[in-house]
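Read through the structure below, which is laid out as structure tokens, and then see the notes.
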Number of protein chains: 2
Amino acid sequence: MSIRLVIADDQALVRGALAALLGLEQDIEVVAELGDGTGVAAAVVEHSADVAMLDVEMPGLDGISAAAAVRRAAPSCRVLMVTTFGRPGYLKRAMQAGASGFVVKDTPARQLAEAVRRVHQGLRVVDPVLAAESLTAGDSPLTEREGEVLKAASDGGTVADIAKSTMLSEGTVRNYLSAAMAKTGGRTRAEAVRIAEDNGWLL
Amino acid sequence: MSIRLVIADDQALVRGALAALLGLEQDIEVVAELGDGTGVAAAVVEHSADVAMLDVEMPGLDGISAAAAVRRAAPSCRVLMVTTFGRPGYLKRAMQAGASGFVVKDTPARQLAEAVRRVHQGLRVVDPVLAAESLTAGDSPLTEREGEVLKAASDGGTVADIAKSTMLSEGTVRNYLSAAMAKTGGRTRAEAVRIAEDNGWLL
DNA sequence: AATGAGGGATGACAAATGTCATCGGGGGGC
DNA sequence: GCCCCCCGATGACATTTGTCATCCCTCATT
């Protein structure tokens with residue numbers, strides 16, 4: 001009896017290619033392919049899937065939230081996250097959301113099927129390098145609002161823009177940015193944004 | 001007689017998956033897989049490949065430069081660029097570098113093999129949406145130095161940092177940044193960076 | 001009841017940034 | 001020769017940021 005797999009990735013080419021790669025395995029059957037996170041939980045239920053392979057970065061519902069939705073809708077379905085960026089914060093948050101595995105996209109292709117099997121058996125699969133980084137990196141030091149403001153700042157607008165989009169006073173925005181810079185260690189607003197992004201503290 | 005194909009993409013998973021996907025086609029044979037751009041031209045020559053499929057974003061030698069190298073080393077080998085981001089500037093630069101096709105990673109998977117065949121036959125394959133954008137977007141308005149300075153600014157450092165890394169005076173840096181902001185239409189240094197990146201004017 | 005942390009705001013001040021005029025040198029085009 | 005554009009720099013100036021102290025309110029902890 002083969003493993004019933006659902007794949008969600010926003011890049012159609014990658015999605016299709018992964019399906020082709022895993023479809024070559026005798027014990028794996030790809031039962032659904034999705035382009036965003038919104039329909040994943042429903043698809044898992046509909047096809048009574050055993051494993052869901054989710055990209056973290058997706059339009060609509062992001063992979064982490066989708067993972068949580070899958071766990072809620074079908075607790076017996078395991079979740080394997082696949083991501084482009086090895087952001088330490090992503091790993092931690094994915095695990096908290098109930099994922100069983102976390103793989104970055106530059107791991108060798110042959111290990112992927114093995115990861116799916118391991119996850120299906122109830123084992124955990126985690127990139128060891130990333131796991132180590134995740135431990136050193138720690139949780140986000142940013143408070144919720146600080147994160148929101150920093151995210152609002154991430155497209156390069158002025159303080160006035162950020163204030164408008166967050167419904168805050170300009171002074172307050174500057175205070176939060178200042179706090180975020182202090183906590184991230186960035187010497188500039190832009191640097192703070194980059195550091196927070198690299199660590200997976202935004203989103 | 002099958003099409004001899006070389007694949008270069010920095011994400012091993014994607015690379016392997018693409019190879020698996022295209023390997024399913026009877027008329028395509030994947031003769032080499034590379035993780036960066038440096039060895040592509042040599043691999044093409046060694047395996048006397050017919051088509052090279054290159055990612056634009058790669059460590060070491062980027063895809064555009066690699067395309068030029070392939071054209072120089074083996075003029076009979078066609079180049080098909082595959083990229084995550086549909087930056088208008090990339091398309092133009094890829095074509096100037098001698099690429100025959102340009103595909104974004106969220107085109108349907110089944111069209112990929114067809115694109116490889118078309119390119120092999122000497123036809124050009126270009127995403128029509130991207131082609132239109134490329135025409136409206138136009139060339140980079142930035143001068144060479146402006147681009148360099150803007151790129152140096154893209155990791156969020158201060159003017160002093162940029163001045164140090166570019167060996168320019170701080171005043172000069174600010175002048176270039178000011179010019180870059182005017183030309184991109186950005187109201188902030190960070191915004192100018194974002195706009196330039198989105199258009200494929202950096203790199 | 002007291003404490004502390006976070007949300008939200010104001011005002012003041014120093015430093016960084018963005019703008020502009022101006023200068024000189026070098027090259028390409030008419 | 002002249003004009004225009006790019007490179008590189010300087011100095012002055014207005015704005016924007018970043019920093020800090022201080023205030024009030026709420027909620028959870030002790």
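Overview of results
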| item | result |
| --- | --- |
| Heavy atoms of A:SER169: accessible area, 1.4 Å probe, square angstrom to 10 | 60 Å² |
| Net charge, B:MET181 excluded, C-beta distance under 9 Å - Lys, Arg +1, Asp, Glu -1 | +2 |
| P(r), alpha carbons of segment B:144-198 - 10 Å bins starting at zero, rounded % | 29, 61, 10 |
| Distances in nm from A:ARG187 to the matching label points in the other copies, shortest first (labels 7 Å along Cα to Cβ) | 2.8 |
| Label geometry 7 Å along the beta-carbon vector: A:GLU29 inter-copy distances in nm | 3.5 |
| When each of B:LYS92/B:LYS151; A:LYS151/A:LYS183; A:LYS164/B:LYS164 is checked by Cα-Cα distance, pairs over 26 Å | A:LYS164/B:LYS164 |
| Prolate/oblate/rounded label for the protein assembly as shown (Cα gyration tensor, a/c 1.5) | oblate |
| Degrees, to the nearest 10: A:12-23 long Cα axis against longest axis of chain A | 30 degrees |
| Between helix A:110-120 and chain A: long-axis angle, C-alpha atoms, 0 to 90°, nearest 10 | 90 degrees |
| Potential extension, B:LEU135-B:ALA42 segment - 0.36 nm per residue separation minus Cα distance | 30.1 nm |
| Area buried, chain A against chain B - accessible surface, total, 1.4 angstrom probe, square angstrom | 2300 Å² |
| Simple label model, 7 Å out from Cα along Cβ direction - B:GLN26 to A:SER165, nm | 5.3 nm |
| Local electrostatic count at A:GLU148 - Lys and Arg +1, Asp and Glu -1, tallied over other residues with Cβ under 15 Å | +1 |
| Within the accessible area of segment A:144-198 (1.4 Å probe), percent carbon and sulfur | 48 percent |
| Net charge, B:ASP9 excluded, C-beta distance under 13 Å - Lys, Arg +1, Asp, Glu -1 | -4 |
| Minimum Cβ-to-axis distance in chain A for the rotation onto chain B, with residue, whole Å | A:ALA17, 2 |
| Amide H contacts under 5 Å for A:ILE3, placed H, 5+ residues apart | A:ILE28, A:GLU29 |
| Tilt relative to chain A, helix A:170-184 - C-alpha long axis, 0 to 90 degrees, to 10 | 60 degrees |
| Per-residue SASA entry for B:ILE28, accessible area with 1.4 Å probe, Å² rounded to 10 | 10 Å² |
| Distances in nm from B:PRO128 to the matching label points in the other copies, shortest first (labels 7 Å along Cα to Cβ) | 5.1 |
| Over chain B, equivalent-ellipsoid semi-axes from the Cα gyration tensor in Å | 36, 17, 14 |
| For segment A:1-89: rounded, prolate or oblate by the Cα gyration tensor [a/c cutoff 1.5] | oblate |
| Cα centroid separation, segment B:41-69 to segment A:55-130 (Å) | 32 Å |
| Area of A:ARG189 that stays accessible when all protein chains are in place (1.4 Å probe, Å², to 10) | 70 Å² |
| Long-range HN-HN contacts of A:MET58 with modeled amide H, under 5 Å | A:GLY63 |
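The values are calculated or read from the model by the stated rules, or taken from the named source; none is laboratory data. These figures come from a predicted structure and were not determined experimentally. Backbone-built Cβ (ideal geometry, glycine too); neighbour counts: all protein chains shown. All accessible areas refer to the heavy atoms of the entire protein, side chains included, with ligands and DNA or RNA removed. Shrake-Rupley method; radii C 1.70, N 1.55, O 1.52, S 1.80 Å.
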